[in-house]
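The values are calculated or read from the model by the stated rules, or taken from the named source; none is laboratory data. Everything numeric here is computed off the predicted structure, so don't read it as measured data. Every residue, glycine among them, receives a Cβ derived from its backbone with ideal geometry; neighbour counts consider all protein chains shown. The accessibility values were calculated without ligands, DNA or RNA, using every heavy atom of the protein model including side chains. Shrake-Rupley method; radii C 1.70, N 1.55, O 1.52, S 1.80 Å.
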Amino acid sequence: MFAKDAVCVMCGKKHRLDNIYRCTACQGPLDIRYDAAAIPRQAFDPGPSARENGIWVHADLLPVRPEYTVSLGEGHTPLLRCERLGDALGLRALWVKDETRQPTGSFKDRPLCVAVSKARELQLDTVVTASSGNAAASMSAYAARAGIRAVVFVPAHTPAAKLQQIVALGARVVKIRGTVSECIHMTRSAASSFGWYNVTTTFENPYATEGDKTVAYEMAAGLNWGCPTWVVVPTGAGPLPVGIWKGFNEMRAIGLVPGVPRLVAAQAAGCAPIARAFSDGAESVQPWDSPNTVASGIQDPLVGYTQDGTYTLQVVRQSGGAVIASDDHAILRAVRLMGKTEGLYVEPTVGAAIAAVERLRAERRIEETSEVVIVATGHGLKQGFVDLAELAELPEIDPTIEGLKALKLGH
Ligand SMILES: *Cc1c(COP(=O)(O)O)cnc(C)c1O
Ligand SMILES: [Zn+2]
């Protein structure tokens, strides 16, 4: 293992790689550091056939001893060239990194398989997370696979399909009357009261966020060690865009890729603390009152850990990127556009990323010739968005050709 310590991104304090969460001096996010010079180049670029083994081909770049890894075949998701969606958005070179095909249907399998593996290494027998649904499903799956206990705190309004998945995976689920921020505070208290391992994927657990880097390695390989101009990511607190940024910087440092992408953090207008700070030109992110959006995966008001949003804001600015908030109407139109142009069924959260590209194209901030990658973070089956009223209006006929002709579907 080449991971050597963890450094606070806010104050620089160093921490040993044991059971750590946030900076003990300032509560800032911790960033795991590696002995970069010792890491073999192959850790980034294991070759096409090895790459099929998913994220653990990059084990030298992850902070877990290999004998403790627990896996469900995560990673190695397709990077799909999307010409029809590109045409609709006015882009000549658009790709979708399709994370809907992860074992539990969202990218959260990357951070959670690393964090649950770390729980095994630390010999802890219960993992706990706060979640808007997807991280809890991932944690529950890996905990089941590892034979350790899973406890989940979710907002009471979490979409039913996400809850069904978590329950089916055997976790103890507690619904909290509050937002995901309140679930995070519950998780923290429960973890310290009962000695449970907190794997929450804001920047709460520094091991979890390392799993997100693997998206960058796969993206670069899929572009034949090129670097897209823009990477667009639905963002709540931001460990995914930050992880992608870190991964590209590691690869650039050894000369494997020519540059790093500009990041677009895509938020929903009903919960947009980072977007607000970005457009105000503010130094730091403030919590969001009364979050309300269909994009459940990114509905994070950051109450009590705004430093996570501030860190994401800093990284996005450093990348020369942007933070964009889209309203629910645009978000829902965007997921349908992706469905009908590319055959990809994604949860509403992903619509924030598509709508952000639409806006940046309209404002000419992304050019027609730019290379753009949208990360499709979660599957449509996680949170259906086609109204039951719309299903009720579908034509229903007797099984006769006359009945069909009357519908005038054409030839
Ligand atoms: C968790 C999640 C995100 C990103 O949220 P962060 O809080 O920034 O990690 C994006 N999309 C989906 C579907 C998610 O579940
Ligand atoms: Zn600190």
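Results, tabulated for the structure shown:
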quantity: Bins of 10 Å from zero: percent of alpha-carbon pairs in region 191-307; calculated: 13, 37, 32, 16, 2
quantity: Alpha carbon centroid spacing (whole Å) that separates region 287-327 from region 229-277; calculated: 12
quantity: Angle between the chain longest axis and helix 180-194 axis [Cα atoms, degrees, rounded to 10]; calculated: 40
quantity: Residue among S106, S296, S192 with the largest mean-square fluctuation in a Gaussian network model of the chain, springs linking Cα atoms under 10 Å; calculated: S192
quantity: Accessible surface of Y207 - all protein chains present, 1.4 Å probe, nearest 10 Å²; calculated: 0
quantity: Counting DSSP beta bridges with both ends in the chain, the antiparallel % (nearest 5); calculated: 30
quantity: Kirkwood hydrodynamic radius of region 110-202, Cα pairs, Å; calculated: 12.6
quantity: Gyration tensor (Cα) of region 329-407, equivalent ellipsoid semi-axes in angstrom; calculated: 33, 15, 11
quantity: Between region 173-210 and region 77-121, the alpha-carbon center distance in angstrom; calculated: 24
quantity: Counting all C-alpha pairs of region 1-124, share separated by more than 24 Å (%); calculated: 43
quantity: Hypothetical label at R92: residues of region 318-347 whose amide nitrogen lies under 14 Å (7 Å Cα-Cβ projection); calculated: none
quantity: Globularity index of region 88-146, i.e. its alpha-carbon radius of gyration over 2.2 N^0.38 Å; calculated: 1.46
quantity: Debye intensity ratio I(q)/I(0), log10, region 279-384, q values 0.10, 0.14 Å⁻¹ (C-alpha model); calculated: -0.32, -0.63
quantity: Per-q log10 I(q)/I(0), region 133-184, q = 0.14, 0.27, 0.31 Å⁻¹ (Debye; single scatterer per alpha-carbon; no solvent); calculated: -0.30, -1.00, -1.21
quantity: Relative contact order for the chain, counting Cα pairs under 8 Å that sit 6 or more residues apart, in percent; calculated: 16
quantity: Under 24 Å from the Cα of K382 - lysines, other chains or at least 8 residues apart; calculated: K97, K108, K162, K175, K213, K340
quantity: Relative intensity, log₁₀ I(q)/I(0), of the chain from a Debye sum that treats every alpha carbon as a point, q = 0.08, 0.13, 0.15 Å⁻¹; calculated: -0.40, -1.07, -1.45
quantity: Dimensions in Å of region 243-325 - Rg and Dmax from alpha carbons; calculated: 13.9, 45
quantity: Calculated from backbone phi, Karplus (6.51, -1.76, 1.60) coupling profile of region 332-344 in Hz, x at Gly/Pro; calculated: 6, 5, 5, 5, 5, 4, 5, x, 7, 8, 10, x, 9
quantity: Directionally averaged projected area (convex hull, Cα atoms, region 31-82), nm²; calculated: 5.2
quantity: A325 long-range amide H proximity, modeled H, under 5 Å; calculated: Q267
quantity: Computed Rg/Rh of region 46-197, alpha carbon atoms with Kirkwood Rh; calculated: 1.04
quantity: Dimensions in Å of region 157-241 - Rg and Dmax from alpha carbons; calculated: 16.6, 48
quantity: Mean residue ellipticity (222 nm) of the chain, computed from DSSP H runs ≥ 4 via -39,500 (n - 2.57), nearest 500; calculated: -11000 deg cm²/dmol
quantity: Label point at T24 placed 7 Å out along Cα→Cβ; residues across region 120-163 whose backbone nitrogen lies under 20 Å; calculated: 122-124
quantity: Between 0 and 90°, nearest 10: helix 306-318 axis offset from the chain longest Cα axis; calculated: 80
